[in-house]
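Remarks on the structure that follows.
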Amino acid sequence: MTSSAWRTGHRGGTCASCEVPLEPGATAISALFESASRDDEPFARHDFCAACFDGAVDVGSPFSWWRYEVARPDEKKAAFDLDIAREFLLRLLQEAAPDRASLRYLLALLLMRKRIVRVTEQFVDERGEVMSVRLPPDEAIHELVCPAIDEAEAAALRDQIGRLFDLGDGS
Ligand SMILES: [Zn+2]
């Protein structure tokens, strides 16, 4: 699947608002927005120049965002996507919306493989299987209830995560 047209903020990208090119070394912001409909594509990702995001225009209310320096063409961008994914997961953990339990859980599993999320404890209580996780260097512990996810839902969510973040899984 090719998704480069979908993402606006990657290398050679432009500000989603004023369309100024996001040049290497410039500060830009990658923001995740909740869609009006949660059904098929609950989140969309847009990148902005600092001038637009910091008040020149009304960009709306992002769910989470990450400020970054636009990479030079020879720099790897994997770490950059991990930062944005980490911030997104933190926001999902804080929000704790029941209808996003599966998205939260699958993103956390993915970020465990990238060593962004550490499991500090696992136990079972009335909610089912629970993992206590930490996102170093943060000390805060978050509880993650393991939801029942069927394979079709898991595939759709992994697909969505793959469209939002290029985490180097070939997804
Ligand atoms: Zn702009």
(message) For region 131-148, check the following and say yes or no: at least one residue is over 12 Å from the mean Cα position of the chain (by Cα), loosely packed, with under 15 Cβ neighbours inside 10 Å and touching a residue at least 60 places away in the same chain (Cβ under 8 Å).
(response) no
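Results for (1) β-branched (V, I, T); (2) within 12 Å of the ligand (Cβ to nearest atom); (3) closer than 22 Å to R91 by Cα; (4) part of a helix (DSSP H, G or I), shown as yes or no for each residue.
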{"residue": "P24", "(1), (2), (3), (4)": "no, no, no, no"}
{"residue": "S30", "(1), (2), (3), (4)": "no, no, yes, no"}
{"residue": "F33", "(1), (2), (3), (4)": "no, no, yes, no"}
{"residue": "A36", "(1), (2), (3), (4)": "no, no, yes, no"}
{"residue": "E41", "(1), (2), (3), (4)": "no, no, yes, no"}
{"residue": "H46", "(1), (2), (3), (4)": "no, yes, yes, no"}
{"residue": "F53", "(1), (2), (3), (4)": "no, yes, yes, yes"}
{"residue": "G60", "(1), (2), (3), (4)": "no, no, yes, no"}
Pairs returned, first residue in region 45-64 that is in the same structural domain as V20 (by TED's automatic domain parsing), second residue that is assigned to a helix (DSSP H, G or I) and within 11 Å of the ligand (Cβ to nearest atom), beta-carbon separation under 8 angstrom, 6 or more apart or interchain, are V59/C52; V59/F53
Query raised in the report: For F88, are the conditions met, namely being surrounded by fewer than 11 Cβ atoms within 10 Å (Cβ to Cβ), outside any loop (DSSP other than H, G, I, E, B) and not charged (D, E, K, R)?
Result: no
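The values are calculated or read from the model by the stated rules, or taken from the named source; none is laboratory data. Being a predicted model, the structure only gives us computed values, none of them experimental. With ideal geometry, Cβ positions are generated from the backbone for all residues, glycine too; neighbour counts draw on all protein chains shown.
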